[in-house]
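Engineer: Starting off with a structure, shown below.
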Amino acid sequence: MPEPPVGKPLGVFGGTFDPVHFGHLRLAEEATFSLDLAGVRWIPAGQPLLRQAPQVSARQRLAMVRLATAENPAFEVDHTEVDNARASYTVLTLERLRQPDQLGQQRSLVLLLGADAFTGLASWHRWQSLLDLAHIAVAHRPGFPVDPGQLPAALASCYAERHSSDPAALGQSTAGRIVSFAMTQLAISATQIRELLASGCSPRYLLPDEVIAYIRDHHLYPEH
């Protein structure tokens with residue numbers, strides 16, 4: 001029998017964060033409490049692949065995540081992907097975290113995804129290996145849980161096999177389960193914020209004031 005995990009599960013939250021906003025922060029906050037996580041490790045992507053190139057540098061996106069998360073002791077920021085010149089694949093990130101000099105093999109890790117990202121999971125690099133390395137927690141709108149009928153066939157089969165309705169399952173093994181949780185819906189997107197900034201409109205109350213100040217001080221997302 002495998003040994004039980006050590007400590008509470010740790011959330012892993014990767015993304016481009018171009019820029020980070022309250023939707024990201026609320027997802028991480030609600031995951032922490034809904035899933036009884038020890039905390040959340042934020043991992044800004046250095047070179048994301050499944051979207052167009054970010055409008056600002058990886059260092060600037062990292063700085064904004066640090067500003068946004070600084071006051072929450074349950075949040076920590078991992079700068080490794082930004083320091084690394086290689087492309088940011090989630091499976092490689094999790095393999096790195098599993099190394100003995102990182103988190104090792106005995107910690108329960110929970111990859112945090114929004115419902116839209118989860119729907120496209122089958123297009124990710126080595127996606128079937130993700131559940132060998134971590135659990136997956138999917139955030140969805142209240143009253144609109146994940147619908148297996150809307151998933152690609154291979155992902156729907158994986159979901160049926162791996163899904164657990166009990167978040168406590170995350171603490172019983174180090175990887176391999178899929179859970180979901182409802183989160184408060186905030187109609188905020190990074191695309192929307194970039195468009196507001198480009199048009200000279202205020203993004204206030206969509207992202208932290210510290211991040212807005214950083215954007216303005218560094219002349220990011222300039223007006224068209």
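The values are calculated or read from the model by the stated rules, or taken from the named source; none is laboratory data. This is a predicted model, so every value here is computed, not measured. Cβ sites come from the backbone with ideal geometry, for glycine too, and all protein chains shown count toward neighbours. Surface accessibility is based on the protein's heavy atoms, side chains included, excluding ligands, DNA and RNA. Shrake-Rupley method; radii C 1.70, N 1.55, O 1.52, S 1.80 Å.
Engineer: Can you find, within the stretch 203-224, the residue that is farthest from Phe22 (Cα to Cα) among those that are hydroxyl-bearing (Ser, Thr, Tyr) and buried (at least 18 other Cβ atoms within 10 Å of the Cβ)?
Structural biologist: Step by step, filter the stretch 203-224, then rank; the result is Tyr221.
Engineer: Residues Ser108, Ser123, Ser88: which one is closer than 14 Å to Val179 by Cβ and among the hydroxyl-bearing types (Ser, Thr, Tyr)?
Structural biologist: Exactly one of Ser108, Ser123, Ser88 is closer than 14 Å to Val179 by Cβ and among the hydroxyl-bearing types (Ser, Thr, Tyr), namely Ser108.
Engineer: Tally the residues that are touching a residue at least 24 places away in the same chain (Cβ under 8 Å) and open to solvent by less than 90 Å² (accessible area, probe 1.4 Å), restricting the search to the stretch 178-202.
Structural biologist: Here the count works out to 16.
Engineer: Next question, about the same structure. Would you point out which residue out of Ser164, Ser129, Ser123 is open to solvent by less than 40 Å² (accessible area, probe 1.4 Å) and within 16 Å of Thr90 (Cα to Cα)?
Structural biologist: On inspection, the qualifying residue turns out to be Ser129.
Each row is one residue, and each column tells you yes or no for (1) in contact with a Leu (Cβ under 8 Å, 6 or more places away or on another chain); (2) assigned to a helix (DSSP H, G or I).
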{"position": "Gln185", "(1), (2)": "no, no"}
{"position": "Ile188", "(1), (2)": "yes, no"}
{"position": "Ile193", "(1), (2)": "yes, yes"}
{"position": "Leu197", "(1), (2)": "yes, yes"}
{"position": "Cys201", "(1), (2)": "no, no"}
{"position": "Val211", "(1), (2)": "yes, yes"}
{"position": "Arg216", "(1), (2)": "no, yes"}
{"position": "Leu220", "(1), (2)": "yes, no"}
{"position": "His224", "(1), (2)": "no, no"}
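Results for (1) within 13 Å of Phe13 (Cα to Cα); (2) modelled with pLDDT of 95 or more; (3) not charged (D, E, K, R), shown as yes or no for each residue.
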| site | (1), (2), (3) |
| --- | --- |
| Thr93 | yes, yes, yes |
| Arg96 | no, yes, no |
| Gln99 | no, yes, yes |
| Arg107 | no, yes, no |
| Val110 | yes, yes, yes |
| Thr119 | no, yes, yes |
| Leu133 | no, yes, yes |
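Engineer: Follow-up question, since we're still on this one. State whether one or more residues within the stretch 149-169 are touching a residue at least 40 places away in the same chain (Cβ under 8 Å) and part of a loop (DSSP other than H, G, I, E, B).
Structural biologist: No, that holds for no residue.
Engineer: Before we move on, is Ala139 farther than 22 Å from Gly7 by Cα, open to solvent by less than 20 Å² (accessible area, probe 1.4 Å), out of contact with any Cys (no Cβ under 9 Å at 6 or more places or on another chain) and small (Gly, Ala, Ser)?
Structural biologist: Criteria met by Ala139.
Engineer: Evaluate the following for Arg204: is it charged (D, E, K, R) and over 22 Å from Gly14 (Cβ atoms)?
Structural biologist: yes
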